[in-house]
1. May I have the pair-distance distribution P(r) for the stretch 105-253, computed from all Cα-Cα distances with 10 Å bins from 0 and rounded to whole percent?
2. Picking from Ser512, Asn635, Tyr465, whose Cα lies most toward the positive end of the charge dipole for the stretch 434-640 (charges on Cβ: Lys, Arg +1; Asp, Glu -1)?
3. Fewest Cβ neighbours within 10 Å first, please rank Met485, Met264, Met545 accordingly.
4. Taking every pair of alpha-carbon atoms in the stretch 434-640, what share in percent sits in each 10 Å bin, from 0 to the bin with the longest distance?
5. Most exposed first by the Cβ proxy, i.e. fewest other Cβ within 10 Å, how do Thr615, Thr74 rank?
6. Could you pull the Cα extents of the stretch 522-603 along its three principal axes, largest to smallest, in whole Å?
7. How large is Rg over Rh for the stretch 168-259, taking Rg from the Cα atoms and Rh as the Kirkwood inverse mean of 1/r across Cα pairs?
8. May I ask which residue of His580, Leu478, Val492 lies farthest towards the positive end of the charge dipole of the stretch 434-640, with charges of +1 (Lys, Arg) and -1 (Asp, Glu) on Cβ and the Cα centre as origin?
Amino acid sequence: MPSPFGRLPRGIPFYQIEKFIPMKWRRSIKQPLDAQEKSKPQSYSACESTIRLDEKTDKHMVDCLLTTLKDFATQGHLSKAFRTFSLIRGHALASASCDFVVDSLSSLLLSCTHLKLLSEGKQLHAQVITWGLQKNHALVPKLVSYYTSFSFLDDAHHIAVASNVWHPLPWNILISSYVNKGRFEEAIFAYKQMVCKGIRPDNFTYPSVLKVCAEQSNLDFGREVHKSIKASSLDWNLFVQNALVSMYGKCGDLETARSIFDEMAVKDEVSWNSIISGYASKGKWDEAFELFESMRESGMEVNIITWNTVAGGCLRTGNFKGALELLSQMRLGGNPLDPVAVIIGLGACSHISELKLGKEIHGFAIRNSFIDYINVKNALVTLYSRCGDLTHAYIVFRSVETRSIVTWNSIISGYAQWDRSEEASFLFRELLLTGVEPNYVTLAGILPLCARVANLQHGKEFHGYIARHEEFQGYLLLWNALIDMYSRSGRVSVARKLFDSLNKRDAVTYTSIIAGYGIQGEGKVAVELFEEMLRSNIKPDHIAMVAVLSACSHSGLVAQGELLFGKMQTVYGISHQLEHFACMVDLFGRAGLLRKAKEILLKMPYKPTTEMWATLLGACRIHGDRDIGEWAAKNLLETKPQHSGYYVLIANMYAAAGNWSKLADVRTCMRDLGVRKDPGCAWVDIGAGFSPFLVEDTSNSQAEEIYLLLGGLNKQMKDIDFVACEGSEVEEETFLESLVV
């Protein structure tokens, strides 16, 4: 016959089942002692002598049983402990005290919690209810701890709310469990419930609540908790103070965090870590570095987290050698490097091309089994790529089983950096075939390559891909890369259309279009765009100044160039760097103001580069200034350049001047230094990729047909004076207009 109560669904919380237990079932078999004292009839004392047991003997027996039970429970022999509890429970029927029952249940619940025994723990909870001990001050914390250990936080919450325990322990366990599970809203709610019930938080409550405020960046509630701490009569506590420093630091109120930190009479590692991390999280690295040094001077032991934080700060601020020095100090101080430290070290090596040291770190990662971390492999791919060792970069890339978009970006940007357009494009296609969606970093890394190798075909494909995917529309970085690509490729009109279509622009946007107009010799337009950038309240940087000064140089705008150069420090707050002096040398050289160009080289606070001497020498040859030309040639030879073009430039100048002895000296110098003139080389795109051609090259199997065709093309160009075909320009602009719209 089926049960009249039907089948109970599984998964119902215990506190909901408890509501349906009949009251007479829930009456204690043995009421608590205080209830029994009130219910004694007046005639009880008269009958007591006739039914009294030997209390002394009984108590001794129960004590022995309780000790045995605790031993069994501690050793994990739960079946024996439960049998012992049955004996104790039998004695409880003849006793006026439930204390040993409470002790027994407490020990058993603790064991069930440690041993993760769900079913047995629930049976004990049923016993607690049966004995009417569900609000007992010793058992409530054990029950809360038991249910939180199984992540049954709703049951634990109900037990805490239903209890009459005024001690904060069960609430502390509950709030801490909510925090550990990331259920921050429930943690705050439980804290507010606790306070509303009149239970005073203690020094174990506040750190958990403050951690919630930090994780949620809830500064307002954090300040309320801080006021509650000040208003309480609790003694000063290091854990609470550390939690306050961490909370204010993570919420961005570094002034208050520093004030609390400075007022702390005692500081430990957590105190220093919290304040250093606070400054680091907001990018205030100077203060973080200063505190780090103070921490070391105080004799406080620095843990691996702080070492990594500060070393990572050096990496972010461009102090790559400083980052490597810190990692070295870590090892010398007996702190073993972890995977994070390895990644920082590889990153620093990649920025300063320290390939040898990077390989040593690679070996360290293999020996310590860090090589299995995908972030370590990504860092290795980046290291080898930036250092030009693309073979090893590719090997590490292929060793990654599950490649993330970061892995793909590392290898693609590596090939793009070294102008390996075909390999970069091939990897990009492979990326799409694997089903991994490229992000804006992927495209921004490969677009500049299309401009450098003058391959607009791939660039147009990427442009179309960006235009078809709405998720890329908001990334200004991509549109800046496209403008730069078209500008460098000589398609300034297309770049300008993209520029005009943007609702938002930054310094990079303006710099790219200014540089494009400068290359085309349209300096006036470039200067107008620079002035428009200033009117838009966009502050120029040193790269923007290089672009506009170069544009003035290519267009002969000497006065504008001098004016802008003069305003750099006084108006724009930009210090003159070597690149800016190089632009001025080029500006004066092209305009024939060779003495001014020489004066720049003599007065600037930098040592002139090989390129700057070559620029002046070329200008002297064009404008026929032999004296300054020979002076520039002498200084150029002293730099012992490895590029053969510089020697050709010097030789041509001496040949034009008829100075055959010095021409012979130049050739001798080239022979002594082992410098050889590389033959001219060109690339032809035949649809399936680029084919290189050297001067008088006959290595191609179709060389005879190629030279025949080139001869015919050469004759046609001479006949029509090489008039450019306008049809292709119209076709390209039509294609790009569709993308802009």
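1. Reading upward from the zero bin: 12, 40, 31, 15, 3, 0.
2. Of Ser512, Asn635, Tyr465, it is Asn635.
3. Listing Met485, Met264, Met545 from fewest to most nearby Cβ atoms yields Met264, Met545, Met485.
4. Bin by bin from 0 Å, the calculated values are 9, 31, 29, 21, 9, 2, 0.
5. In order of increasing Cβ crowding within 10 Å: Thr74, Thr615.
6. Here the spans come out as 37, 26, 16 Å, largest first.
7. 0.94
8. Farthest along the dipole direction, towards plus: His580.
Rule-based calculations on the coordinates, nothing more; no lab input. From a predicted model like this one, the values you see are computed outputs, not experimental measurements. Cβ sites come from the backbone with ideal geometry, for glycine too, and all protein chains shown count toward neighbours.
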